[in-house]
Amino acid sequence: MIRLFSRLHMAALYPGAWCLLHLKSEISRWLLRWRRSRVWFETPYRGEKILLVALFEKGKLRPDVVALLDAAKAAGLYVLAVNTRRLDSPDALQGKIDCYIERPNFGRDFGSYKSAFLHLFERGWHKTCPRLLMVNDSVYFDRTRLPAFLSAMLADGPEVLGSTENYEIEHHLGSFCIALGGTILANPALRAFWQKFRLSDVRPVVIRRGEMGLSRTLKKCASSESEFAALYDSRRALEAITDDDDLLDFAVRNARSSTHVHWKRVSLGDVAETYMKSHMLNALEYADFEARIDVGGNAVTERTFVNSRKDLGAFLSTMLAPDSALDSDILRQMTIANVLETFMEGSQIHQNAVFLLRMGLPIVKLDGMYRGMFSELDVQRLVSLLGKDEGAVLSRELLNRPYGGKVLFGWKRAAFMRGLI
């Protein structure tokens with residue numbers, strides 16, 4: 001009854017929250033309409049590949065963001081950064097950033113993307129830039145894995161290459177990290193998208209117009225379907241766990257544990273059920289006589305701890321007749337299918353954070369705890385794959401933003417539960 005009342009209360013608060021957030025967005029638009037972006041410094045552009053960074057940093061940059069900039073300069077990239085907050089000493093970043101812009105805080109990350117792209121178009125850099133990587137600081141950057149990742153994203157390859165995909169609502173690339181080839185940058189449709197893009201501070205509006213709208217535009221700009229891809233896509237995940245039993249077992253043991261979101265989770269229980277339904281028969285169901293079961297005075301165990309394919313195989317073997325054997329190849333195939341099905345659901349970077357970090361993806365979404373995608377156990381697993389200093393930074397960033405469904409109240413909670421904030 002209490003849970004039902006809570007749901008009805010949240011539903012009643014939602015319309016007011018929707019109106020309030022849209023009103024606040026329009027007020028911010030009106031108040032900031034005369035404020036202009038400030039270019040703090042800009043070095044000449046000479047046709048290099050570009051790293052375009054959308055920042056929300058106050059005072060000084062996070063250590064992992066500095067690591068990204070250092071890796072970019074080591075790779076010979078021209079760094080264009082747009083920040084919606086103020087740094088204490090922007091000029092001190094010369095050498096790490098080539099063009100630094102601060103702009104009014106409106107429009108979220110897509111407001112910064114728009115400012116950066118329009119600046120790029122006005123300068124004519126899109127005509128000679130061979131490849132551009134757009135990222136934002138909503139993710140944590142792992143120093144160790146960054147160089148190889150930047151090399152892969154900026155190598156000659158698909159014209160549009162995201163780091164990961166997202167299957168929520170419609171298929172699109174995560175806008176926190178997308179590489180664009182020169183032909184895409186020179187396509188008039190991309191310039192038109194940014195010129196016409198209308199800013200908003202309302203999260204679902206930004207996702208619909210920005211992230212999904214950008215993916216639709218990039219699909220149109222790409223010369224073929226194969227030129228729109230993700231580096232860590234489902235095919236790569238399938239190949240990795242098919243070729244590496246240790247990685248498959250790692251994916252099972254370190255699957256997302258949070259129960260706050262409805263997305264499917266890796267389950268050896270589901271694998272066992274599928275195997276039993278498909279390949280195991282119960283002789284008692286087909287016998288025409290009564291059978292007595294003698295357990296020798298021992299209690300029948302109701303639950304068995306299963307943490308790996310080996311454990312699962314041992315468990316299923318106890319249900320077989322003495323002259324019957326388990327087919328380990330089929331069990332392996334079913335486990336791979338379960339991991340892959342889970343991998344493809346929802347936002348892949350949230351759904352598979354630990355697995356992807358192990359595979360080499362050097363970015364972790366910092367809203368993982370706040371959105372309910374990560375549990376405290378998931379955070380521990382992520383941190384265990386990093387060095388001590390980097391793990392401390394990541395855990396602090398994640399744990400400083402606990403699950404909004406628990407810490408927010410009133411209209412803010414109603415807004416959060418429906419994705420408005």
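All conditions but one from (1) assigned to a loop (DSSP other than H, G, I, E, B); (2) touching a residue at least 60 places away in the same chain (Cβ under 8 Å) apply to HIS262; the one that does not is (2).
Here is a check on your reading of the model: is LEU420 in contact (Cβ under 8 Å) with a residue 60 or more places away in the chain, crowded, with 21+ Cβ neighbours inside 10 Å and either out of contact with any Ser or Thr (no Cβ under 7 Å at 6 or more places or on another chain) or not in a helix (DSSP H, G or I) (or both)? Against the criterion (in contact (Cβ under 8 Å) with a residue 60 or more places away in the chain, crowded, with 21+ Cβ neighbours inside 10 Å and either out of contact with any Ser or Thr (no Cβ under 7 Å at 6 or more places or on another chain) or not in a helix (DSSP H, G or I) (or both)), LEU420 does not qualify. Residues in the stretch 314-336 that are in a loop (DSSP other than H, G, I, E, B) and either surrounded by 13 or more Cβ atoms within 10 Å (Cβ to Cβ) or in contact (Cβ under 8 Å) with a residue 24 or more places away in the chain (or both): 5 in all. Taking the condition part of a strand (DSSP E or B), loosely packed, with under 15 Cβ neighbours inside 10 Å and of a type outside the set (Asp, Glu), does VAL53 pass? Criteria not met by VAL53. I want to confirm something. Restricting to the stretch 127-168 and keeping residues that are of a type in the set (D, E, K, R) and under 20 Å from GLN351 (Cβ atoms), which single residue is surrounded by the fewest Cβ atoms within 10 Å (Cβ to Cβ)? Once the filter is applied, the top-ranked residue is GLU168.
Being over 14 Å from the mean Cα position of the chain (by Cα), modelled with pLDDT of 95 or more and more than 22 Å from GLU165 (Cα to Cα) is true for just one of VAL379, VAL383. Which residue is that?
Testing whether each residue is over 14 Å from the mean Cα position of the chain (by Cα), modelled with pLDDT of 95 or more and more than 22 Å from GLU165 (Cα to Cα) leaves just VAL383.
Within the stretch 216-259, how many residues are of a type in the set (Val, Ile, Thr), under 23 Å from ILE363 (Cβ atoms) and part of a loop (DSSP other than H, G, I, E, B)? Number of matching residues: 0. Looking across ILE97, ILE27, one residue alone is among the β-branched types (Val, Ile, Thr), out of contact with any Lys or Arg (no Cβ under 7 Å at 6 or more places or on another chain), under 27 Å from ASP201 (Cβ atoms) and loosely packed, with under 15 Cβ neighbours inside 10 Å. It is ILE27.
The values are calculated or read from the model by the stated rules, or taken from the named source; none is laboratory data. What you are looking at is a predicted structure, and each value in this text was computed from that prediction instead of being measured. A quick note on method: Cβ atoms are made from the backbone with ideal geometry, for glycine too, and the neighbour counts reach across all protein chains shown.
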